[in-house]
Amino acid sequence: MKLVLLSLLLFSTLLQATKIHLAVAANLAFVVPELKKSFEILHPKITIKTTLASSGVLTAQIKHGARYGLFLSANMKYPQYLYEEGLAFDKPKSYAQGALALFSTKKLHCDENLHCLKFKNIRKIALGNPKTAPYGKAAIEALKNALLYENVKKKLVFAESVSQTLSYALKATDIGIVASSLFYTPKMKVYKKNIHWIPINTSLYEPIEQGMILLKIKKDKDAYRLFYQFLQSSQAKNIFKRFGYKVL
């Protein structure tokens with residue numbers, strides 16, 4: 001009888017709804033809802049809450065005790081740091097590769113090598129803070145490799161994340177250097193490739209390899225691992241591809 005009661009108790013525990021909390025890099029703002037939707041169809045008892053910010057800001061939160069169980073970063077550096085600090089179970093794993101794009105709400109007269117940025121009519125250029133946003137770091141690298149940085153550094157307007165960079169480019173600056181994945185979303189499809197946005201020459205910056213890591217957390221470890229495994233599935237990879245990411 002005791003064995004039966006114990007089995008029923010275990011079964012009822014498995015049926016309880018579980019909520020997991022993810023730390024998510026801002027460039028994934030439009031991708032994550034699609035990933036969540038597909039995952040929750042497969043696992044209806046697990047719901048997902050996300051916190052979006054720059055990877056550097058999220059790393060600082062995790063270091064100071066924020067209770068996320070999984071971190072989706074915009075680079076490999078920050079999750080590797082958390083692993084070395086003993087805050088994660090395993091080494092980080094790459095899940096997608098992002099790319100930069102030049103964007104304006106007006107018709108662009110530019111090429112993939114960014115030479116238009118030194119023109120006088122371009123007065124303000126939005127990009128992510130390179131200290132905390134990997135896409136911002138890649139943008140600075142691209143400007144330096146294009147031999148433009150010294151010419152344009154006074155024009156730069158730094159945002160906290162790639163999503164805020166887009167907001168600046170939409171409302172406050174002449175142009176922005178953002179994640180190309182943003183233009184595969186319904187909201188941004190009104191802006192056309194080679195008219196409003198142009199992919200930046202990938203030879204100007206190191207590939208933006210995005211990494212994920214399972215964080216050491218006592219509660220709901222199995223649920224986090226299920227989503228971690230889902231992100232490596234062909235179903236998840238197809239979603240990333242739909243939003244312009246490169247996946248292996």
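The values are calculated or read from the model by the stated rules, or taken from the named source; none is laboratory data. These numbers come from a predicted model, not from an experiment. Here the Cβ positions follow ideal geometry from the backbone for every residue, glycine too, while neighbour counts run over all protein chains shown.
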Determine which single condition ASN194 fails, assuming it passes every other condition in (1) within 26 Å of SER38 (Cα to Cα); (2) loosely packed, with under 13 Cβ neighbours inside 10 Å; (3) not acidic (Asp, Glu).
-> (1)
What number of residues within segment 209-224 satisfy the criterion of being in a helix (DSSP H, G or I) and either modelled with pLDDT of 95 or more or touching a strand residue (DSSP E or B) at 6+ places or on another chain (Cβ under 6 Å) (or both)?
-> 2
Quick one: which residue in ALA126, ALA96, ALA74 is assigned to a loop (DSSP other than H, G, I, E, B), touching a Phe, Trp or Tyr at 6+ places or on another chain (Cβ under 7 Å) and either in contact (Cβ under 8 Å) with a residue 40 or more places away in the chain or surrounded by 15 or more Cβ atoms within 10 Å (Cβ to Cβ) (or both)?
-> ALA74
Search segment 31-53 for residues being under 16 Å from the mean Cα position of the chain (by Cα) and in a helix (DSSP H, G or I), and hand back the single one that is surrounded by the most Cβ atoms within 10 Å (Cβ to Cβ).
-> LEU35
Within segment 227-244, which residues are out of contact with any helix residue (DSSP H, G or I) (no Cβ under 6 Å at 6 or more places or on another chain), surrounded by 19 or more Cβ atoms within 10 Å (Cβ to Cβ) and part of a loop (DSSP other than H, G, I, E, B)?
-> LEU231
May I ask you to verify whether ALA146 is at pLDDT 95 or above, in contact with a Phe, Trp or Tyr (Cβ under 6 Å, 6 or more places away or on another chain) and of a type in the set (A, V, I, L, M)?
-> no
In segment 77-93, how many are within 16 Å of LEU22 (Cα to Cα), assigned to a loop (DSSP other than H, G, I, E, B) and not hydrophobic (A, V, I, L, M, F, W, C)?
-> 1
Scan of segment 54-86 for residues that are over 22 Å from GLU206 (Cα atoms) and either basic (Lys, Arg) or over 18 Å from the mean Cα position of the chain (by Cα) (or both), ordered by number = LYS63, HIS64, GLY65, ALA66, ARG67, TYR83, GLU84, GLU85, GLY86
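I'd like to check something: does segment 187-196 contain any residue that is closer than 26 Å to HIS21 by Cα and touching a strand residue (DSSP E or B) at 6+ places or on another chain (Cβ under 9 Å)? Spell out how you get there, then give the answer.
So in segment 187-196, the residues closer than 26 Å to HIS21 by Cα come out as 187.
Adding the requirement that they be touching a strand residue (DSSP E or B) at 6+ places or on another chain (Cβ under 9 Å) leaves none.
Taking every residue of segment 187-196 in turn, none turns out to be closer than 26 Å to HIS21 by Cα and touching a strand residue (DSSP E or B) at 6+ places or on another chain (Cβ under 9 Å).
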Taking segment 129-166 and keeping residues assigned to a helix (DSSP H, G or I) and charged (D, E, K, R) leaves LYS137, GLU141, LYS144, GLU150, LYS153, LYS154, LYS155
Whichever residue in segment 114-123 is in a loop (DSSP other than H, G, I, E, B) and at pLDDT below 95 and, among such residues, is surrounded by the fewest Cβ atoms within 10 Å (Cβ to Cβ) | LYS120
